[in-house]
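The values are calculated or read from the model by the stated rules, or taken from the named source; none is laboratory data. Being a predicted model, the structure only gives us computed values, none of them experimental. A quick note on method: Cβ atoms are made from the backbone with ideal geometry, for glycine too, and the neighbour counts reach across all protein chains shown. Note: areas computed on protein heavy atoms with side chains; ligands, DNA, RNA excluded. Shrake-Rupley method; radii C 1.70, N 1.55, O 1.52, S 1.80 Å.
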Amino acid sequence: GAVVSQHPSWVICKSGTSVKIECRSLDFQATTMFWYRQFPKQSLMLMATSNEGSKATYEQGVEKDKFLINHASLTLSTLTVTSAHPEDSSFYICSARPRGLYEQYFGPGTRLTVT
Amino acid sequence: EDQVTQSPEALRLQEGESSSLNCSYTVSGLRGLFWYRQDPGKGPEFLFTLYSAGEEKEKERLKATLTKKESFLHITAPKPEDSATYLCAVKSGGGADGLTFGKGTHLIIQP
């Protein structure tokens with residue numbers, strides 16, 4: 001149980017284009033979903049927290065207009081990287097927290113490369 | 001501010017050589033301490049949740065313990081497939097929804 005999927009698993013895009021990443025909780029309802037970024041050999045950096053039906057809360061230093069988050073339902077959240085630049089290249093990981101629990105279950109991650 | 005410090009940063013063991021990973025934490029009102037395993041290029045895999053001092057949990061060769069200041073992840077007779085980065089995280093009683101993660105311990109088990 002507690003499976004989270006992400007799509008796509010990897011994507012290459014050109015500078016200036018936008019990319020959407022989907023995160024789904026497959027066997028549970030997630031009242032809260034989280035988006036992280038991870039650089040090579042570093043730990044997870046929380047970008048934003050989203051609750052179903054409300055606006056996402058962004059961490060300090062994360063541009064909300066660049067990283068658009070939509071938590072459309074209790075099983076789906078999307079992250080759109082707008083006007084991507086090479087410095088946005090990274091490993092993006094989502095997680096979902098089941099109702100009533102504190103632990104988060106992570107997706108497999110999406111490798112974004114901007115050329 | 002919640003803080004999580006993991007040690008050592010990296011650990012190399014021989015297959016079968018037992019050891020422990022440490023996670024020291026400072027948190028306002030601990031709601032839970034979590035251990036995850038992360039393989040290269042993948043998302044973290046949930047291992048354990050510990051809620052209060054004295055609690056222990058086991059899964060195969062792994063055993064997690066918790067005190068009021070730290071947690072240990074004991075690995076008994078490890079195998080090469082146990083090689084991974086092990087992450088520790090805490091949830092405080094504060095207003096933030098998220099977890100505070102440590103930087104992880106990179107564990108290598110040599111055959």
Report task. Could you please find all residues in the stretch A:60-85 being surrounded by 15 or more Cβ atoms within 10 Å (Cβ to Cβ), outside any strand (DSSP E or B) and within 14 Å of another protein chain (Cβ to nearest Cβ)? Result -> A:62
Report summary line: Note on residue B:66: of the conditions (1) within 9 Å of chain A (Cβ to nearest Cβ); (2) more than 10 Å from the chain's Cα centre (by Cα), unmet is (1)
Report task. Might you let me know whether the stretch B:14-24 holds any residue that is within 14 Å of chain A (Cβ to nearest Cβ), touching a residue at least 24 places away in the same chain (Cβ under 8 Å), under 10 Å from the mean Cα position of the chain (by Cα) and surrounded by 14 or more Cβ atoms within 10 Å (Cβ to Cβ)? Result -> yes
**Report entry** One residue from A:96, A:56 being modelled with pLDDT of 95 or more, within 12 Å of another protein chain (Cβ to nearest Cβ), over 26 Å from residue B:10 (Cα atoms) and buried (at least 20 other Cβ atoms within 10 Å of the Cβ)
**Finding:** A:96
Query raised in the report: What are the residues in the stretch A:24-53 that are farther than 23 Å from residue B:41 by Cβ, open to solvent by 30 Å² or more (accessible area, probe 1.4 Å) and within 10 Å of another protein chain (Cβ to nearest Cβ), if any?
Result: A:31, A:51
Query raised in the report: Only one of (1) more than 25 Å from residue A:91 (Cα to Cα); (2) open to solvent by less than 40 Å² (accessible area, probe 1.4 Å); (3) within 10 Å of the chain's Cα centre (by Cα) is not met by residue B:27, so which one is it?
Result: (3)
**Report entry** Check on residue A:16, farther than 15 Å from residue A:109 by Cα and more than 13 Å from every other protein chain (Cβ to nearest Cβ)
**Finding:** yes
